[in-house]
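Engineer: Take this structure first; my questions come after.
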Amino acid sequence: MRLHSQSEATWVSAQRAAQEIGIPIHLVDLSREFSELVVRPFLESYSQGLTPSPCPICNRFIKLGFLL
């Protein structure tokens, strides 16, 4: 699961690990959805002096929504 553009090195590492143990690996690019649904609301809330928790939103919409 790719959540941001800076994760290329992680993807390469994951591909190597999957190849070593002989399992298939697939990339799901959710960077746009993550930015719109998790990062942007987090930054808006934080800039208003709130202490938002992005994990419930990410779990519900990204991991258990788009990823599944």
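Engineer: So what J values fall out for the range 46-51 if you push phi through Karplus, 6.51 cos²θ - 1.76 cosθ + 1.60 with θ = phi - 60°, rounded to Hz, Gly and Pro as x?
Structural biologist: Per-residue couplings from phi come out as 4, 5, 8, x, 8, 10 Hz.
Engineer: Kirkwood-based Rg over Rh for the chain (C-alpha set), two decimals?
Structural biologist: Computed over Cα atoms, the ratio is 1.09.
Engineer: Here's something else I'd like to know. Give me the angle, in degrees from 0 to 90, between the Cα long axis of helix 8-21 and the longest principal axis of the Cα atoms of the chain, rounded to the nearest 10.
Structural biologist: 40 degrees
Engineer: Can I ask one more? Select from 24, 59, 39 the residue farthest towards the positive end of the dipole of the chain; place +1 on Cβ of Lys and Arg, -1 on Cβ of Asp and Glu, and compute about the Cα centre.
Structural biologist: The one lying farthest along the dipole's positive direction is 59.
Engineer: If you don't mind, there's one more thing I want to ask. Mind checking the dipole of the range 26-68: about its Cα centre, +1 per Lys or Arg Cβ, -1 per Asp or Glu Cβ, Debye to the nearest 20?
Structural biologist: Result for the range 26-68 is approximately 100 debye, rounded to the nearest 20.
Engineer: With θ set to phi - 60° and the Karplus curve 6.51 cos²θ - 1.76 cosθ + 1.60, what are the ³J(HN,Hα) couplings of the range 31-39 in order, to the nearest whole Hz, using x for Gly and Pro?
Structural biologist: Ordered by residue, 3J(HN,Hα) equals 5, 5, 4, 4, 4, 6, 8, 10, 5 Hz.
Engineer: Can you list the residues, at least 5 places off or on another chain, whose amide H is less than 5 Å from the amide H of residue 29, using H built in the peptide plane?
Structural biologist: The list, which skips near neighbours in sequence, is 2.
Each reported figure results from applying straightforward, stated rules to the coordinates on display, with no laboratory input. These numbers were taken from a predicted model, which means no experiment stands behind them. Neighbour counts are summed over all protein chains in view; Cβ atoms, including those assigned to glycine, are modelled from backbone coordinates with ideal geometry.
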